[in-house]
Amino acid sequence: MSKHTTGFTRRCFLAGAGTVAVVSLSGCLGTSEEMDAVSIESGQNCDQCGMVIDQHPGPTGQTYYQNNSPEGHDPPARFCSTTCTYRHRFAKEQSGWTPAETFLTDYSTVDYETRTDGGKTIISRHPGREAFASTESLTVVANSEVEGAMGTAIVPFSDSGDAASFADEYGGQTLPADEISRELVGGM
């Protein structure tokens, strides 16, 4: 089992400052409500696949849309995995929905663990609102050997050095979170 710890560091300050900037800019985007990450509560379902989010490991996500809301609850739409987050965004964009802000678990700011379960390497889940960061500030590791709720996880980091270290240890490629493509998500 691998355990990674972080304290209050420059990257925590930068992540917080980035969140403040995003919230400050929300008025400029033509939206009247604040777009802050929220905690994923026990028993909440994924808006893409319907799975109960807190019953599965790995990174989670949430998306606010301009002028649209998820069915059955207040925004943001919430997801059991980064894969479901992107699949939902791509499907809704085809339906004319415009994403205003997407947040993913930021593994640079949490004490995460990896473990082996049934021959698979699994990464821990962190559903608290403080664990999320905007995709605009994240580098992800895609196609690693690490799994989450929907199989191979797209693992986000606000520190690109953390992402590179994770890829060195677990394989995969690093890229900006806002460059995830339909093809990459479809192949997972």
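The values are calculated or read from the model by the stated rules, or taken from the named source; none is laboratory data. Remember, it's a predicted structure, so these values are computed and weren't measured experimentally. Reconstructed Cβ throughout: ideal geometry from the backbone, glycine too, with neighbour counts over all protein chains shown. Heads up: the accessible areas ignore ligands, DNA and RNA and are worked out on the full protein's heavy atoms, side chains in. Shrake-Rupley method; radii C 1.70, N 1.55, O 1.52, S 1.80 Å.
Quick notes on this one:
- Checking each residue in the stretch 103-117 for being open to solvent by 50 Å² or more (accessible area, probe 1.4 Å), under 21 Å from residue 156 (Cα atoms) and outside any loop (DSSP other than H, G, I, E, B) picks out 113, 115, 116.
- For residue 72: the one exception among (1) modelled with pLDDT of 95 or more; (2) of a type outside the set (Phe, Trp, Tyr); (3) at positive phi: (1)
- Scanning the stretch 129-168 for residues that are open to solvent by less than 20 Å² (accessible area, probe 1.4 Å), of a type in the set (Ser, Thr, Tyr) and assigned to a strand (DSSP E or B) yields a total of 1.
- Residues in the stretch 172-185 that are more than 16 Å from residue 161 (Cβ to Cβ) and either within 14 Å of the chain's Cα centre (by Cα) or open to solvent by less than 60 Å² (accessible area, probe 1.4 Å) (or both): 178, 179, 180, 181, 184, 185.
- Top-ranked residue in the stretch 50-74 [being of a type in the set (S, T, N, Q), free of Cβ contacts under 8 Å to residues at least 40 places away in the same chain and assigned to a loop (DSSP other than H, G, I, E, B); ranked as surrounded by the most Cβ atoms within 10 Å (Cβ to Cβ)]: 69
- Some residue of the stretch 91-102 being over 25 Å from residue 152 (Cβ atoms), open to solvent by 40 Å² or more (accessible area, probe 1.4 Å), among the hydrophobic types (A, V, I, L, M, F, W, C) and touching a residue at least 24 places away in the same chain (Cβ under 8 Å): yes
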